[in-house]
Amino acid sequence: MATCTSTSTTTTFPTVDKCNSIGREKHTVVADMDGTLLRGRSSFPYFALVAFEVGGVLRLLFYLLASPIAGILYYFVSESAGIQVLIFASMAGMKISSIESVARAVLPKFYSGDLHPESWRVFSSCGKRCVLTANPRIMVEPFLKEFLGADMVLGTEIGSYKGRATGLICEPGILVGMKKADALKKSFADEQPEIGLGDRLTDAPFMALCKEAYIVPAKPEVKAVTCEKLPKPIIFHDGRLVQKPTPLIALLTLVWIPLGFLLACLRIAAGSLLPMPLVYYAFWALGVRVIIKGTPPPPVKKSNGQSGVLFICSHRTLLDPIFLSTALGRPIPAVTYSVSRLSEIISPIKTVRLNRDRAKDASMIKKLLEQGDLAICPEGTTCREPFLLRFSALFAELTDELVPVAMVNRMSMFHGTTARGWKGMDPFYFFMNPSPAYEVTFLNKLPKELTCGSGHKLSHDVANYIQRVIASTLSYECTSFTRKDKYKALAGNDGTVVEKPLLLNANKVMGC
């Protein structure tokens, strides 16, 4: 058992960089979370995410006002008292199902961006992995089990009544200090874990129960584990906030929201009411950057009876066809899978809904192409990360006039997409960013020999080729994920109803 040499203020353990991670496949590791597996010691941002994503602006405001009280209690009363206030302020009255949804769809993206490299080196090397944390288990378990491979998560249990969180804590209370050691003893009985990882004095009791124990020192300069080294890529995630809400960022967000909403309304009005050739300049005047690359094809001359061009766009937000039209200086109709009625009303371009009936959709798209150019996003849904979802092959069967368009955008404060929330707010959230940007890259029109019209290419070959071309342009990865995969992962449905979210197996990623 690890020796614990204590004075009134310090407990001495070797640092985690001294731990050998070779040959640990049959060993058990027990680790704390904040400050150990994660670089950051504060849980404030993650409770803030729950408060905002479940309760909205007012709940985030309440949480922000309560956080100084939590800080005072943390430093002058006890760690558990401070955490209790954060839990109550962020979760009291919330539906348990909504908290679980945020824990699955939102928090993993932010947790994974703060993974400690040395702790992960040791944690990932062991065959059995356990996490002891003061955080509510409901908040952290999906990330720890699904993305870090934890076998057991021992955390604080929150109380509930009729499906809603009470904000109170179940026995044995907040898992700190000796309560962590008691939980470890109860779960492992006579078994003694090989490695214990912690970051502070209060972790010493459970660390002392392990054969080896290592402390994770606080080093702000330590860089988080990079995306390519994560055990599992996070392809899908939800939530409106782009940045992790530290106290300062949370305050700035609350101050900006009313101003940003007015600015968004002005930007949307300019895009909807002005003639399309003027929208580009109006957007730039209002702080929306539109960057155009490549050479777009000229408009089709209807007098020649020529079929319109079908623009094949990667899908980042529902505004993709609007920014395509802005870049071209003329309105391009778009076929959509599902958008809100509000989005249809305020759209400056014609939108036509697909029926999800292959024959009917094919007939409708052909008729639209007879009338002129058309835009389509064959992924069928948006993806925020540098991945492209599988391209539906229907479009390749309908025309040989195919122009790939690589779309990419930049948002600094809010995401302009959602799987769990009201899609009608998507354009507002995008335009609420202080200075959002869209980059539209027109690629070369597909030559005849690479289309189905050549007689040598199948529709799925054409779709896969365009997916690879766009991915290469953007330095993205191709996947075989579909719209259904996304909505099952984030909302537990196919995009039309709201149910309990499911976890996603990410074995469908493939290189381009």
**Request:** Please report, in debye to the nearest 20, how large the charge dipole of the range 109-249 is about its Cα centre when each Lys and Arg carries +1 at its beta carbon and each Asp and Glu carries -1 there.
**Result:** 360 debye
**Message:** If I take R0 = 60 Å and measure r between the Cβ atoms of E191 and D461 in this structure, what FRET efficiency does the formula 1/(1 + (r/R0)^6) give, to the nearest 0.05?
**Reply:** 0.60
**Asked** Using Cα-only point scatterers and the Debye equation, what is log10 of I(q)/I(0) for the range 401-478 at each q in 0.20, 0.21, 0.25, 0.26 Å⁻¹, rounded to two decimals?
**Response** -0.90, -0.93, -1.08, -1.12
**Prompt:** If eta is 1.567 mPa s and T is 4 °C, what Stokes-Einstein diffusion coefficient results for the range 7-78, Kirkwood Rh from Cα pairs, in µm²/s?
**Reply:** 82 µm²/s
**Prompt:** Whose amide H sits under 5 Å from the amide H of G159, counting only residues 5 or more places off or on another chain, with H placed in the peptide plane?
**Reply:** T166, G167, L168, I169, C170
**Message:** If amide hydrogens are placed 1.01 Å from N in the peptide plane, which non-local residues have theirs closer than 5 Å to the one on L241?
**Reply:** H415
**Asked** If you count the DSSP beta bridges with both ends in the chain, what percent of them are antiparallel, to the nearest 5?
**Response** 30 percent
**Request:** Please report, to two decimal places, log10 I(q)/I(0) for the chain at q = 0.07 Å⁻¹ as given by the Debye formula with identical point scatterers on the Cα atoms and no solvent.
**Result:** -0.45
**Prompt:** From the cross-link list K162/K423; K109/K457; K423/K448; K367/K448; K232/K457; K350/K448, which pairs have alpha carbons spaced over 32 Å apart?
**Reply:** K109/K457; K423/K448; K232/K457
**Prompt:** Could you work out the helix-only [θ] at 222 nm for the chain, with each DSSP H run of four or more residues adding -39,500 (n - 2.57) and the total divided by the number of residues, to the nearest 500 deg cm²/dmol?
**Reply:** -11500 deg cm²/dmol
**Prompt:** For the range 120-263, what is the convex hull (Cα atoms) projected area averaged across all directions, in square nanometres?
**Reply:** 12.2 nm²
**Message:** Quick check on packing: order 293-301, 113-121 by the mean number of other C-beta atoms within 10 Å, highest mean leading.
**Reply:** 113-121, 293-301
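Would you please report the Å³ per residue occupied by the convex hull of the alpha carbon atoms in the range 298-437?
116 Å³
State whether the range 83-196 is rounded, prolate or oblate according to the following rule on the C-alpha gyration tensor (a ≥ b ≥ c being the square roots of its eigenvalues): a/c under 1.5 gives rounded; otherwise a/b larger than b/c gives prolate, and the remaining case gives oblate.
Since a/c reaches 1.5 but b/c is at least a/b, the shape of the range 83-196 is classed as oblate.
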**Request:** Report the full-extension gain for the segment T295 to E171: residue separation times 0.36 nm, less the Cα-Cα distance, to one decimal in nm.
**Result:** 38.1 nm
**Asked** If you put +1 on each Lys and Arg Cβ and -1 on each Asp and Glu Cβ, how big is the dipole of the chain around its Cα centre, in Debye rounded to 20?
**Response** 1000 debye
**Message:** Through the Karplus equation 6.51 cos²θ - 1.76 cosθ + 1.60, θ set to phi - 60°, convert the phi angles of the range 249-263 into ³J(HN,Hα) values in whole Hz; use x for Gly and Pro.
**Reply:** 5, 4, 5, 4, 5, 5, 5, 6, 3, x, 5, x, 5, 4, 5
**Item:** Per residue, in Å², the accessible surface of the chain once ligands and nucleic acids are set aside, probe 1.4 Å
**Value:** 44 Å²
**Asked** Taking 0.36 nm per intervening residue step and subtracting the Cα-Cα distance, what contour gain separates I96 from D357 on full extension?
**Response** 90.3 nm
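Counting only protein heavy atoms and a 1.4 Å probe, tell me what percentage of the chain's accessible area is made up of carbon and sulfur.
Working: 13060 of 22370 Å².
For the chain, the apolar C and S fraction of the accessible surface comes to 58 percent.
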**Message:** If you average the C-alpha positions of the range 325-366 and of the range 424-470 separately, how far apart do those two centres end up, in angstrom?
**Reply:** 15 Å
**Request:** Starting at the first residue of the range 451-467, write each ³J(HN,Hα) from the Karplus equation 6.51 cos²θ - 1.76 cosθ + 1.60 with θ = phi - 60°, in whole Hz, x for Gly and Pro.
**Result:** 9, 5, x, 6, x, 10, 10, 7, 4, 6, 5, 5, 4, 5, 5, 5, 4
**Item:** Ranked order, Y161, Y46, Y465 - accessible area, probe 1.4 Å, largest first
**Value:** Y161, Y465, Y46
**Asked** By its C-alpha gyration tensor, with a ≥ b ≥ c as the square roots of the eigenvalues, how is the range 1-146 shaped: rounded for a/c under 1.5, else prolate for a/b larger than b/c, else oblate?
**Response** oblate
**Average Cα contact separation per residue, the chain, under 8 Å, 6 or more apart, as relative contact order %** = 15 percent
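How high is the relative contact order of the range 359-438, in percent, with contacts defined as C-alpha pairs under 8 Å that are six or more residues apart?
So the answer I get is 23 percent.
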**Message:** Charges on Cβ only, +1 for Lys and Arg, -1 for Asp and Glu, centred on the Cα centroid of the chain; of I365, L230, S67, which one is farthest towards the dipole's positive end?
**Reply:** I365
**Fill in**
Once phi for every residue in the range 57-73 is put through the Karplus expression 6.51 cos²θ - 1.76 cosθ + 1.60 (θ = phi - 60°), the whole-Hz ³J(HN,Hα) values, with Gly and Pro written as x, are 5, 5, 5, 5, 4, 4, 5, 5, 5, 7, 5, x, 5, 4, x, 4, 5
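The values are calculated or read from the model by the stated rules, or taken from the named source; none is laboratory data. Just so we're clear, the structure is a prediction, and the values are computed from it rather than from any experiment. So basically every Cβ, Gly included, is an ideal-geometry build from the backbone, and we count neighbours across all protein chains shown. For accessibility, only protein heavy atoms count, side chains too; no ligands or nucleic acids. Shrake-Rupley method; radii C 1.70, N 1.55, O 1.52, S 1.80 Å.
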